[in-house]
Structures are given as C-alpha cells and as structure tokens.
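J.: Sending over a structure as structure tokens; questions will come in a sec.
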Amino acid sequence: MMDLHEASLQESSAQAEKSTTTENVSLPETAKEIKLSREEIVARLRELVNKPVEEVRDEIDLLKQNYYKLRKNEVEDARRKFEEETDGTSEFSPKADEWEDELKDLLNVFKEKKAKYLEQQEKIKEENLLRKKSILEEIKKITEDSDNINKHYNDFQQLQQAFKEITDIPASAVNELWKTYQLYVEHFYDLLKINKELRDYDFKKNLDLKLAICESAEALAKNEDIVAAFKSLQSLHDEWRAIGPVAKELREDLWNRFKAASTVINKAHQQHFESLKADEQKNEEAKIAICEEIEAIDMSALKSFSAWDEKTKDIIALQERWKNIGFASRKVNNALFERFRKTCDEFFKQKAEYFKRVKDEMSLNLEKKKALCEKAEALKDSTDWKNTTDQMIAIQKEWKTIGPVSKKYSDAIWNRFIAACDYFFEQKNKQTASLRQVEQENLLLKKAVIEKLESLDDAMAPADAIALVKTLMAEWNQIGHVPFKEKDKIYKSYKAALDKHFKRLNMNEAQNRLNSFTATVQQMASSDQAQNKLYRERERLMRSYEHIKAELQTYENNMGFLNISSKSGGGMLKEMERKIQKLKDEMQLIAQKIELIDENL
C-alpha cells in the first residue's frame, strides 16, 4: 500500500500542474476535413444542432467559418466576372444568398442551446464545489480524532477517492481548495503509521509508471508536428497526476526530469506560435503596402480609355498579389480587407463614371453628326451649284467642330456623311468638263518641272541647289489641275525627283515631310472633289493626332512610377523622355499639316 502522506503531496502537485497547464481545445476529427458546399454545410448543421453541445460546438464553429469563406469567394468571383463582362461600366450587386437565412436560424438555435449548456455547466461546478467542501469537512473531523486515527483509515481513503472523482469546479476556487485539502491530508498522515513494505511496493510501482512517462515525454522532442506533440504532452501530464507518489529521495529528481522534457516541448510550441505571429506581421505590412499603392493613384490624371485600362491591369495585378498573401493578425486582418476592398471599389466606381460620361458625350456627338448627314443628304441632289457648295462647305466645317464618336459607329457615320458630299461634288464636276484643256496644259507644265528637277546639276553648291529645289516646288504648287488619270502618275514622278534631292542635300526631315505634304495638299486642292478629299485627309490627321495625344498622356503618367535611384531606373527614364519628345514632334508636325489643309479649304 502506498504512503498516503506522499499521495497527498502528489495530489497537491497534480492540482498545481493542472491549474497552470494551458488548455488546448482540438477540433473533432470530422471537422478537420470539411470539403462541403454551402448547401451541404447547412444540411450538416441541421444534423448537428440536435446533438449534445460539447460534442459538436467546435465543428459548428468551423462549418460557420467555411460557409462565409465560400460565400466571400463566390461574391468576389462574381464581381470579377461582372467587371470583365461590363468593362466596369455598371455597379455590381451580388446575388442574394439563398442559404444564409436558414444558416442564421440554425446558428441562433445552437447559440441558445449552447448558452443553456454553459449555464448548466456553471451550476454543476458550483454544486461540485459545495460537495468538495463537504468532503473536506469530513476529512477535518477525522484528523481531529487523533486517538482513533487507524480506525478511520478506510473512511479516509473513501473520502479521498470521492474528493478526486469530483473534477469540474470554478477555476477561482481550485488553488485555495487543494491547499486546504493538502493541509488536512498531511495532518492525517502525520498521525498515521502505515506498513513500510506496502508503502515501498506502491512507491516502486509508481516509479516504473512515471519513468515510462518521462521516456514518452522525451521522445516527443523528435516529433516534427509541434502542435500534436504539445497535445500528447498534456495527456502525459494527466497520466502523471493520476499516479501516486514515489520514494521521497527520488521524487524531486524524477519530477525535474519530466519537467525538463515538458519544457523542451513547451518552448518549441511557443516558438512555433511566435513564428506564426512574425509571418502575420509580414503579411500585415505587405497588405498595408498594397492599400497605400492603390490609394496613391491619382485618378484625376486618367484622361483616356487606354489610361484607365492600363491602370485597371495594375489593380487586378495587386488583387492577385493580395490573394497570395496569408492572413495578418486577427485584430487587423478584417480591417485591412475592408480598407483594400474600399479602395478597389472606389477605383472601379470612378472608372465607371468616367466611361459613362465619355460615352454620353460620344452619344451626343453621334446625334449631331447624324443631323449633319441628314442635311448633306437633303442637299446632295441640288443643282444650285454655288449656293449648295457654300452650304456643303459650311456643313463640313461644322463636322470638324464635333468631337469623336464610339468606334462602333465612327466608320459608318463618316461613310454616310462623305457619301452624300461626294455625290454632290461628283455631279458638280460633271458640269466642268470645259476645264480639260487647261488640265492638259497643266500636265505639260508639271512635266517640265520634273525635267528641271531631274536635270539639276549634282555639282551645284548645296545652298544654291536647295534654293532652286524650293523654287521649283513653289512653281509646281502654282500649277493647277491635271487630267484625273494622269495625276497619280505625275505626282509619283515629282515626289521621286524631290526625294532624291532631299536625301542628297540632307534637308531637315520634318521640314522635308512638311514640304512633301504641301505638294500633296496642293495636288488634292487642284484635283476633282478637292473639298471632300481635303476634309477626309483632315479627319484622318485629327484621328492620328488624338491617338498620339492619348499615347503621350500614358507615357507622362508612367513617368511618375519610375525609380530613378537605380541604374536601370535612370536608363528607363531617359528612354521614356526620348519617346515623349518624339511623340511631341510628331504632334507638332500633324498640327502643321492640319493648318496647311485649313488654309486650302
């Protein structure tokens, strides 16, 4: 039989250990592998709410988390698909959750049931406390009857057993209760003499059991699953508490050995969660950086569809980065997501407003151009050549003042307008056949200019040669129409002769292009349907100008994102500046061409 005084000390030690051991709640095995749809989760909850609270509460919590995670992913996927299909021009409204009401009803039922269960558990703990206190009073009475202490041995053992079997009591009463119990038990054993052989036998048996526990605890250090090892350690502590004492001279060394093995596992467990905390901190910083990057976007600087589309690609890339970042700490993770979602929503809201505003302007421009088409179509059959020509020219000038329309309609509306204009001027030109003789004379004059260009002496001084070329160009521009079937051929010969001298004399490229275009404009101005051709060329140049302007805006916006502190950033900056200057030069040349056309209209 064991030494009951030692058992008292062991019991006290067990109570102390239990009060300081961290509670570790594990999920039921059925809840660890949840791979259910939202409908299946609701169906599973219907089954669980009728079961005992202590068996299902962890699984219900996990089901709830998985349900809202699935719902969140579904809404985000629907939002992304909606924005891709609508190009961000409409406001997204998620589809109603058909299972959420039933989910909430089931959770409320379980919440009420759980509250009753917890209330009942507290009541049981208070009752257990009263029972333990009653047992302590019985033990106290036994210790006070010192003359008959041996007679009370069996009664004392039964009271000890009854005291141990009562487990759940309020945590606030644990320490004081076991100190009182220890005091009474030690007093009892001080008065009692037990057979040493029986006591030594119990000590030996308890020693073997505790040595085995020490070996098991030491083996846990090799377990790579830190969480599982920690849970196993808690079970070993429970076993240790249930075993009686060992010989006094071995007691401290044995406990120190078990405590040392426990310290290794506890330290590893603590480091594991500190590592998780560090990862959460990194994730928090990464998510804050993404929020700040989106918030720094100057949406007022996005002035074109292409600029918005390019920035949209950046936003989508940041959203993908966000998905690949793990959780931040629980206290900030939800707030960070709300901040991230708010900034993204604001971007797409302003994008939709911009697209709507521009599309409304384009729709108004389309209506204006339709009205001009109707005016031109009403005039195209007129034979009042002078007045109708003036009206047609006025309509064409008004057309220039109207902004762009959607690409979907731009070609069709332009073709409709120019068809009416072309028809009128074609009919008018049929009345001018008497000009053909003049055109033949002009053809001879232009051939003479080409011959002079081709016969220009290569040995002539460059300055004189350039002056002569410009004189011949001016002479060419003063010559009127040539026969329609000859105009392309004669102009091709003229341009070939000019290009030869431009290249040889190294004349300014932009000025050469403008000079060459001057000849082209003169050719158009002296041809049939001159007004229509000039207007068509002007329309083409305006579209090119707007396209280059939008491209220039994109480059200038991107300049702000370059990091010039790095070697590669500086090189990219110089390349960007070169491209921007080239675009500006091209825009200036196009503007000069448009002015030249306007002078001839």
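J.: (1) at negative phi; (2) modelled with pLDDT under 80; (3) surrounded by fewer than 13 Cβ atoms within 10 Å (Cβ to Cβ): which one isn't true of Asn506, the others all being true?
T.: (1)
J.: Taking the stretch 473-496, which residues are under 19 Å from Gln437 (Cβ atoms) and of a type in the set (Lys, Arg)?
T.: Let us first name the residues in the stretch 473-496 that are under 19 Å from Gln437 (Cβ atoms), namely 478-487, 490.
Scanning the stretch 473-496 gives Lys485, Lys487.
J.: Now for a different question. Residue check: is Ala261 open to solvent by 30 Å² or more (accessible area, probe 1.4 Å), small (Gly, Ala, Ser) and closer than 21 Å to Ile226 by Cα? Break it down into steps so the answer makes sense when it comes.
T.: On the way: open to solvent by 30 Å² or more (accessible area, probe 1.4 Å): no; small (Gly, Ala, Ser): yes; closer than 21 Å to Ile226 by Cα: yes.
No; evaluated as a whole, the condition is false for this residue.
J.: Scan the stretch 323-353 residue by residue and report those that are in contact with a Cys (Cβ under 9 Å, 6 or more places away or on another chain), open to solvent by less than 40 Å² (accessible area, probe 1.4 Å) and farther than 27 Å from Gln553 by Cα.
T.: Leu336, Phe340
J.: Still on this structure, please answer the following. Give the number of residues within the stretch 253-304 that are touching a Phe, Trp or Tyr at 6+ places or on another chain (Cβ under 8 Å) and either touching a residue at least 60 places away in the same chain (Cβ under 8 Å) or of a type in the set (Ser, Thr, Tyr) (or both).
T.: 1
J.: Pick out the one residue from Asp208, Asp202, Asp238, Asp279 that is open to solvent by 50 Å² or more (accessible area, probe 1.4 Å), part of a helix (DSSP H, G or I) and touching a Gly at 6+ places or on another chain (Cβ under 8 Å). It would help to see each step written out before you state the result.
T.: Details: Asp208 fails: touching a Gly at 6+ places or on another chain (Cβ under 8 Å); Asp202 fails: open to solvent by 50 Å² or more (accessible area, probe 1.4 Å); Asp238 fails: touching a Gly at 6+ places or on another chain (Cβ under 8 Å).
From the options Asp208, Asp202, Asp238, Asp279, the qualifying one is Asp279.
J.: Looking at the stretch 216-234, is at least one residue part of a loop (DSSP other than H, G, I, E, B) and of a type in the set (S, T, N, Q)?
T.: Restricting attention to the stretch 216-234, the residues satisfying the condition of being part of a loop (DSSP other than H, G, I, E, B) are 223-225.
Add one more test, that the residue is of a type in the set (S, T, N, Q), and what stays is 223.
Yes, the stretch 216-234 contains a residue that is part of a loop (DSSP other than H, G, I, E, B) and of a type in the set (S, T, N, Q).
J.: OK, next. Taking the conditions exactly as written (within 25 Å of Val405 (Cβ to Cβ), assigned to a helix (DSSP H, G or I) and basic (Lys, Arg)), does Lys369 satisfy them or not? Spell out the reasoning first.
T.: Details: within 25 Å of Val405 (Cβ to Cβ): yes; assigned to a helix (DSSP H, G or I): yes; basic (Lys, Arg): yes.
Against the criterion (within 25 Å of Val405 (Cβ to Cβ), assigned to a helix (DSSP H, G or I) and basic (Lys, Arg)), Lys369 qualifies.
J.: Give me a count of the residues in the stretch 480-503 that are touching a residue at least 12 places away in the same chain (Cβ under 8 Å) and more than 21 Å from Leu456 (Cβ to Cβ).
T.: Looking only at that region, the number is 7.
J.: When you go through (1) out of contact with any helix residue (DSSP H, G or I) (no Cβ under 7 Å at 6 or more places or on another chain); (2) at pLDDT below 90; (3) not basic (Lys, Arg) one by one for Asn108, which number turns out not to apply?
T.: Only one criterion in (1) out of contact with any helix residue (DSSP H, G or I) (no Cβ under 7 Å at 6 or more places or on another chain); (2) at pLDDT below 90; (3) not basic (Lys, Arg) is unmet by Asn108, namely (2).
J.: Could you run through the stretch 139-165 and say how many residues are over 16 Å from Gln182 (Cβ atoms) and either assigned to a helix (DSSP H, G or I) or at pLDDT 85 or above (or both)? Before the answer, list the steps.
T.: Here is the first cut: in the stretch 139-165, the ones over 16 Å from Gln182 (Cβ atoms) are 141, 144-155, 157-158, 161-162, 165.
Still in the running and either assigned to a helix (DSSP H, G or I) or at pLDDT 85 or above (or both): 141, 144, 146-148, 153-155, 157-158, 161-162, 165.
Of the residues in that region, 13 qualify.
J.: Suppose the filter is among the β-branched types (Val, Ile, Thr), within 30 Å of Gln281 (Cα to Cα), open to solvent by less than 80 Å² (accessible area, probe 1.4 Å) and at pLDDT 85 or above; does Ile393 pass it? Spell out how you get there, then give the answer.
T.: Working: among the β-branched types (Val, Ile, Thr): yes; within 30 Å of Gln281 (Cα to Cα): no; open to solvent by less than 80 Å² (accessible area, probe 1.4 Å): yes; at pLDDT 85 or above: yes.
So Ile393 fails the test.
J.: A further question follows. Here is a list of conditions, (1) surrounded by fewer than 17 Cβ atoms within 10 Å (Cβ to Cβ); (2) at pLDDT 85 or above; (3) closer than 30 Å to Ser363 by Cβ, and Lys452 meets all of them except one; can you say which number that is?
T.: Lys452 satisfies every listed condition except (3).
J.: Quick check on my filter: what residues within the stretch 465-492 are more than 23 Å from Ile597 (Cα to Cα) and either open to solvent by 90 Å² or more (accessible area, probe 1.4 Å) or under 60 Å from the mean Cα position of the chain (by Cα) (or both)?
T.: Result: Lys485, single match.
J.: What is the residue count in the stretch 115-173 for residues that are in contact (Cβ under 8 Å) with a residue 40 or more places away in the chain, open to solvent by 60 Å² or more (accessible area, probe 1.4 Å) and of a type in the set (D, E, K, R)?
T.: 6
J.: If Lys386 satisfies every condition in (1) over 19 Å from Glu539 (Cα atoms); (2) surrounded by 14 or more Cβ atoms within 10 Å (Cβ to Cβ); (3) not hydroxyl-bearing (Ser, Thr, Tyr) but one, which is the exception?
T.: (2)
J.: Here is a follow-up. List, please: which pairs have Cβ atoms under 7 Å, are six or more places apart or on different chains, and start with a residue in the stretch 413-433 that is farther than 12 Å from Thr388 by Cβ and basic (Lys, Arg) and end with one that is modelled with pLDDT of 85 or more and open to solvent by less than 50 Å² (accessible area, probe 1.4 Å)?
T.: Arg416/Cys373
Here is a yes/no grid of residues against (1) in a helix (DSSP H, G or I); (2) open to solvent by 60 Å² or more (accessible area, probe 1.4 Å); (3) in contact (Cβ under 8 Å) with a residue 60 or more places away in the chain:
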{"position": "Leu45", "(1), (2), (3)": "yes, no, yes"}
{"position": "Lys72", "(1), (2), (3)": "yes, yes, no"}
{"position": "Ala96", "(1), (2), (3)": "no, yes, no"}
{"position": "Leu103", "(1), (2), (3)": "yes, no, yes"}
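J.: Within the stretch 173-202, work out how many residues are at pLDDT below 80 and of a type in the set (A, V, I, L, M, F, W, C).
T.: 5
J.: Against the conditions (1) within 21 Å of Ile315 (Cβ to Cβ); (2) part of a helix (DSSP H, G or I); (3) hydrophobic (A, V, I, L, M, F, W, C), where does Phe92 fall short? Just the number, please.
T.: All conditions are met except number (2).
The values are calculated or read from the model by the stated rules, or taken from the named source; none is laboratory data. In this text, all values refer to a predicted model and were calculated from it rather than measured experimentally. As a convention, Cβ positions derive from the backbone with ideal geometry for all residues, glycine included, and neighbour counts pool all protein chains shown. Note: accessible area is taken over every heavy atom of the protein model, side chains too, but ligands, DNA and RNA are not part of it. Shrake-Rupley method; radii C 1.70, N 1.55, O 1.52, S 1.80 Å.
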